[in-house]
Amino acid sequence: VPQGVGRRLHAAPAAPSAGHMLKWLHGDSKRTKANRVFGDVSEGLSKLYKESVLPLESDHDFHSFYSPALTDADFSARPMVLLIGQYSSGKSTFIRHLLGRDYPGLRIGPEPTTDKFVAVCHGPSDQVIPGNALVVDKNMPFTQLSHFGNAFLSRFECARLNTATLEGLTLIDTPGILSGEKQRVQRGYEFEAVVKWFADRVDMILMLFDVAKLDISDEFRRTIVGMKGNDHKIHIVLNKADRCTTPQLMRIYGALMWNLGKVIDTPEVSRVFIGSFWDEPLANDEQRKLFESEENDLYTYLAQLPRGAAVRKLNDLIKRARLAKVHAYLLDYLKRKMPSMMGKDKKQRELIANLVTIYKEIAQERCLALGDFPDPRMMQEKFKNCHFSSFSKLDKKKMEELDDMLATEVPKLFKMIPTDQDTAEAVTLSQVSAQASPFAVMKVGGQTETSVFQQTYLVRPNVDEYVADFQALGPNDAGKVSGQKAKGKLVESKLPSNVLHRIWTLADYDKDGSLTLYEFSLAMHFIKMKLDGYDLPPALPPAMLPPTSEGNEEEEQETHEEVSAQALRPLLGGSAAGALTPLFFALAAQSQRWA
């Protein structure tokens, strides 16, 4: 055997290279993610954020530019509703109205009374938790508020109470907004920044206005502008509307929309709920029907918040992930443009000044949407205190993780949302419930104030009510009136022709172009139904079909004889008409048999 061959024959097999090991591990990680199953949407969102979004945020200092890192409580918390408005606009009164009682520490008056941010939450008993103690409780979604400092935390507290309404949502009461620079300075903390923090996390923002105080102060304007990006959560409440007459209410509504149009910079008109959201008697009930409809809309929206919470949280995570992606590309671009030795300060000032142009270059290079980029003026202010050379380089693996999450994992969570919505229970409100009443209707499943009691009209009409009108039209020998004759009576309702056409189609069930007494009664019944504000059925319900059994035919015959008797009374006198009518019908029946 040649020298060295034996050693080669008995040599151990070569160990796999480091590259092969990494490739195998990476493939195993992908297989694990492909087979990953989440228990519910909240659990899935928390895991996806920690694994795919948070690492990229940490690399590029996302939290100092925008908002702190999210916690598990942010994904599992109950839906939250933020109430803001100027003093004495009814924020605290609205909360008491919803809960049916005062929350611990509540004080209401015409002067500015609420001087704190109060998180009204569910608890086993009445309790007030100060802000410093609240932000260390990791089970509550308020831990990130600690970075606002003691000046704010001394003005923040949690009021817990045992009520059914708070089992489904959390209410955030805020200090009344006053005008003037003095009010902002004396707070001791950044009021607009705190409101912005809450606005980013709540499910709904109720902005309340008093009908007597429509002006928007300087601080209120800054607060509204600071909530930009959450415009879809904002709902306007024009409160205490019963304190004015209908003409006054029209002018007030127009003035409110004009004022808001200068602050809320969106092409869409903001949704305004008009009413008086308290338990006091209405001072002016001219618009009671309008108030009831508007209150039903708002109460239904509040009651259904838990069903849409999963969608909102998923939407917010996607929005945050897209912003983190854009932010990482932006900082990587700025770092690559910096010189290695001389002229760093000059180059940094140049880049900051041309930030809008840089946005366009990055969007074109990376195929990103310009709408995902942050406000350039805000970023220019923040970049003044940064050193671009210290920014981290882009980690392509982490960026791939984020793209994979958006493309693969997020669609999986979307498929789970219908199940989450089915299991979520509506908020218990005393103002509205699943069982409708004449005063309140839960507007779900297509139900409205006019449709929920529609069934009360879907019964056979009382023919006796329409005999006189039918006879006045002059029915023919067959006991029918032609379409032209009936039209004159039907148009007296002043309903549009398309509605009358639908009514005719429903009433003329035998489709012969004329109406019998029963068909005429159906038409008049549907006209009354429509004038009372109820929707017409798509087809004639079986319960409204004319009688077809032998007994019911005899009943129809008796009704027809009564109509004929009324026609004969002017000619023969009351008693004679009544006596001759049966004879008349008997002769008519005999003549038909002979024929």
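For the range 44-164, which whole percent of the accessible surface, found with a 1.4 angstrom probe, sits on carbon and sulfur atoms? Kindly include the intermediate steps, with their values, before the conclusion.
Details: 2320 of 4730 Å².
Ligands and nucleic acids excluded, carbon and sulfur give 49 percent.
Which percent of Cα-Cα pairs in the range 251-298 sits in each 10 Å bin, short to long?
The calculated distribution, bin by bin, is 22, 44, 28, 6.
Ignoring ligands, DNA and RNA, what percent of the 1.4 Å accessible area of the range 190-297 is carbon and sulfur? Each step should come with its number before you reach the end.
On the way: 2560 of 4840 Å².
Of all accessible area on the range 190-297, carbon and sulfur atoms account for 53 percent.
What is the sum of charges around Gly343, taking Lys and Arg as +1, Asp and Glu as -1, for the other residues whose C-beta is under 14 Å from the C-beta of Gly343?
Charge balance in the 14 Å sphere: +3.
By how many nm would the segment from Val263 to Ser497 grow when fully extended, if each residue of separation counts as 0.36 nm and the alpha-carbon distance is taken off?
79.9 nm is the gain from fully extending Val263 to Ser497.
What is the percent carbon and sulfur in the accessible area of the range 337-387, measuring with a 1.4 Å probe over the protein chains and ignoring ligands?
C and S atoms contribute 51 percent here.
Per residue, what accessible area does the range 168-259 have, given a 1.4 Å probe and all protein chains present, in Å²?
38 Å²
For the range 389-510, build the charge dipole from Cβ charges (+1 Lys, Arg; -1 Asp, Glu) around the Cα centre, then report which of Ser497, Phe391, Ser437 sits farthest towards its positive end.
Ser497
I need the calculated FRET efficiency for the pair Met342 and Arg271, taking r as the beta carbon distance and R₀ as 41 Å, to the nearest 0.05.
0.10
Given a 1.4 Å probe, how much area per residue of the range 461-538 is accessible, in Å²? Could the numbers behind the result be given before it?
Values: 3940 Å² over 78 residues.
The answer is 50 Å² per residue.
Once R0 is set to 22 Å, what does the formula 1/(1 + (r/R0)^6) return for the Cβ-Cβ distance between Glu280 and Thr456, expressed as a FRET efficiency to the nearest 0.05?
Values: r = 31 Å, r/R0 = 1.42.
Computed FRET efficiency for Glu280 and Thr456 comes out at 0.10.
Which of the residue pairs Lys91/Lys138; Lys240/Lys443; Lys196/Lys228; Lys91/Lys213; Lys485/Lys511; Lys228/Lys360 have a Cα-Cα distance greater than 18 Å in the structure shown?
Check vs 18 Å cut-off fails for Lys91/Lys138; Lys240/Lys443; Lys228/Lys360.
So how far apart, in nm, are the two label points at Asp477 and Ser392 if each is 7 Å from Cα heading toward Cβ?
The modelled label-to-label distance comes out at 9.8 nm.
Run the reach check for Lys116 against aspartates and glutamates, Cα to Cα strictly under 12 Å, same-chain hits fewer than 8 apart removed. What comes back?
Hits, sequence-local ones excluded: Glu157, Asp173.
Rounded to the nearest 0.05, what FRET efficiency is calculated for Asp372 and Lys511 with R0 set to 51 Å and r the Cβ-Cβ distance? Provide the component values of the computation, followed by the final result.
On the way: r = 59 Å, r/R0 = 1.16.
With a Förster radius of 51 Å, E is 0.30.
Under 27 Å Cα to Cα from Lys412, which lysines show up? Leave out anything in the same chain fewer than 8 places away.
The reachable lysines, counting only those whose Cα sits under 27 Å from Lys412, are Lys23, Lys30, Lys33, Lys47, Lys50, Lys233, Lys313, Lys319, Lys325, Lys396, Lys397, Lys398.
Give the cross-link partners of Lys489 among the aspartates and glutamates, using a straight C-alpha distance below 16 Å as the criterion and excluding same-chain residues fewer than 8 apart.
Glu465, Asp469, Asp508, Glu519
Note down the nm distance, to one decimal, between modelled labels 7 Å out along Cα→Cβ at Lys228 and at Asp404.
3.7 nm
Hey, could you pull the Cα Rg and Dmax for the range 344-407, both in Å?
Just the Cα atoms of the range 344-407 yield Rg and Dmax of 13.6, 40 Å.
Roughly speaking, what is the stretch gain from Arg349 to Ala212, that is 0.36 nm per residue apart minus the C-alpha to C-alpha distance, in nm to one decimal?
Full extension from Arg349 to Ala212 adds 44.4 nm.
The values are calculated or read from the model by the stated rules, or taken from the named source; none is laboratory data. In this text the structure is predicted, and so the values were computed from the model without any measurement. So basically every Cβ, Gly included, is an ideal-geometry build from the backbone, and we count neighbours across all protein chains shown. With ligands, DNA and RNA removed, areas are computed over all heavy atoms of the protein, side chains included. Shrake-Rupley method; radii C 1.70, N 1.55, O 1.52, S 1.80 Å.
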